[in-house]
Structure formats: C-alpha cells, structure tokens
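The block underneath contains the structure these notes are about, expressed in structure tokens.
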Amino acid sequence: MNFNCLRAIRLIVLIAISLCGESSLSVIRQAKGETLFGIVEFVDGTKITVNHRRESRAFTLEHKANINYVSFLKSKKEIRPGFFIRAEVNSDGQCKQLWVTLPIPSQNLKPTSQMLAMTPMQLLKMADANGDGELSYVEYATAIYRSPKHGPVGFGKADVDKSGTLNLKEFASKLQGIKWYRISRKTPAQWHVEADANSDGVLNKQEFVTFLGSTAHLETFFKRADRDNSGDLSVEDLASFIDSILR
C-alpha cells in the first residue's frame, strides 16, 4: 500500500470520526431538550423556524402550548417572520412554552456614557419613545437591555401588575438586576473595597463573585479581568474589567 493511499484512508477515518462526533452531540442535544431563541424565519401552521445562533432550527407548537405574547398591547397577537421568540423545546421537537415579542434591533446594545449617570426616572424618560410614561417591551429592549433569551422572561416578571408595560416603580426594580446599571452606581475603587472581604488589597475569585453578584460565567470573567494572570485582581484590573462591560 503506497503513501498516498494511506493518507486517503486516514482522511476518510478522520472525517467519519468527526461526523460521528457531530451526530452524537446532536443526539445529546435533542435528548435533553433545549431553549431556542432568535428571529422567526418561517411560520407554517404550528411549525416555526427560528434563526437560533445563526442556524435555522424548526419546532412544532403543541396543541395546548402556553404562548406568552410579551407587551403586545394593541398589536395583534400572532407569530410572524421578523418577530423574536424564546421556545422551550423537548426532545421530540415539541414546544410547550413560548415567548413572543415584536421586532427589536438585533445588534448588541451598549449604554452610552450619559446613561451610566442617569437616574431610573431619567432612563425611563429617555427610553419612552411614545411618551406615555411607561415602557413597552420594544422600548425597553431598544434602549435599555436586549436579550432574546432572557429579556422576554425577565420583562414579564418585572411587570408586576401585568399591564404589558413597566411603570417607574417596576422599571427601577428591574434596573437593579441589569449588570451595566448596577455596576455603574459605584466607582471601581468602591466596588473593590466592598468586595475585598479580607482587606488584603486584591480580590480572589470568591471575592470577585461578590462583585459580580452571581457565579454565572465566573471562569471566563475572572480570566478576562486577571490581565497579568496573577490569580487575583487589583483595583486597576477591576477598573479595566468594568470599563470593558460599560464601554
């Protein structure tokens, strides 16, 4: 058997292994069920196709699916291409729980320097496009916080009176859970002192959790903040990390 033949066999084996790996991942993903979110591409009866992480994914609505039309107000409650959705899909490709929102901008949203210094009332007034004194989901997602996965659910929970909009009290409460708003209320030095439980002048990983407010994506965030790979964070490290979030 010559060298070229061996190379060809090796290539075929590697391709087969790769395909098997992708197939296995797909089987695991489908067996567990998953959350799909993104822009609706097609609607064919109860079959919906969504652009989830740049991939077209289809699922079927169950007959008694719980559909949450988030802040539709006077808009017709329907599912159309261009709308945003979050769908809880089981291993059979069936959806029992669905959140639907009207179209919102798809690009990432970053607060402006002016927003970082605004009070809840000022932020509400800035985002209140129709001037009615409250925020619809589209107004909120356009100006304050944008996430097809977490936004619709969080907005619904914040809408305590179930009016379909957030009044000032509901909005101010919701702001406390938005990372850019919470972090911007104090200086990096203030955050550092507050989180430095043992007062040694640096933050270890557990103290960094105090600053973050949760352990979500902890390893990624800590590695990003620890610029010199020292294993702890100086005030300057924390200031740089905060700037990367706010800017």
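Between D243 and K149, the modelled label-to-label distance comes to 2.8 nm, taking each label 7 Å out from Cα in the direction of the beta carbon.
Label sites at A117 and Q190, each approximated as a point 7 angstrom past Cα along Cα to Cβ, lie 1.4 nm apart. Calculate I(q)/I(0) for the stretch 155-247 by the Debye formula, one identical point scatterer on each C-alpha and no solvent, and give its log10 at q = 0.10, 0.21 Å⁻¹ to two decimals. Debye curve over Cα of the stretch 155-247, log10 I(q)/I(0) at q = 0.10, 0.21 Å⁻¹: -0.32, -0.97. Taking max minus min of the alpha-carbon positions on each principal axis, the stretch 96-218 gives extents of 50, 37, 29 Å, largest first.
Label zone of K96 (point 7 Å out along Cα→Cβ, amide N under 19 Å): in the stretch 145-172 this covers 153.
Each residue of the stretch 175-183 is assigned a 3J(HN,Hα), and the resulting list reads 4, 4, x, 8, 3, 5, 6, 4, 5 Hz, derived from the Karplus form 6.51 cos²θ - 1.76 cosθ + 1.60 (θ = phi - 60°), x at Gly and Pro.
Can you list the equivalent-ellipsoid semi-axes of the chain, largest first and in whole Å, using the square root of 5 times each Cα gyration tensor eigenvalue?
37, 33, 15
In the calculated pair-distance distribution of the stretch 115-181, the portion above 18 angstrom amounts to 25 percent of the Cα-Cα pairs. Of all DSSP beta bridges confined to the chain, the antiparallel ones make up roughly 80%.
Segment I67..I178, full-extension length gain: 37.4 nm, with 0.36 nm per residue of separation and the alpha-carbon distance subtracted.
Where is the GNM fluctuation largest for the chain (alpha-carbon springs, 10 angstrom cutoff): L166, L61, L124? Checking each option, the largest mean-square fluctuation is seen for L61.
Classify the stretch 47-112 as rounded, prolate or oblate, taking a ≥ b ≥ c as the square roots of the eigenvalues of its Cα gyration tensor: rounded when a/c is under 1.5, otherwise prolate if a/b is larger than b/c and oblate if not. Judged from the Cα gyration tensor, the stretch 47-112 comes out oblate (a/c at least 1.5, b/c at or above a/b).
Using only helices, what value at 222 nm comes out for the chain when you add -39,500 (n - 2.57) per DSSP H run of length 4 or more and divide by the total residues, to the nearest 500 deg cm²/dmol?
-12500 deg cm²/dmol
Laboratory data are not the source of any read-out in this text; all were calculated from the coordinates shown. Predicted, not measured: the structure shown is a model, and the values here were computed from it. Reconstructed Cβ throughout: ideal geometry from the backbone, glycine too, with neighbour counts over all protein chains shown.
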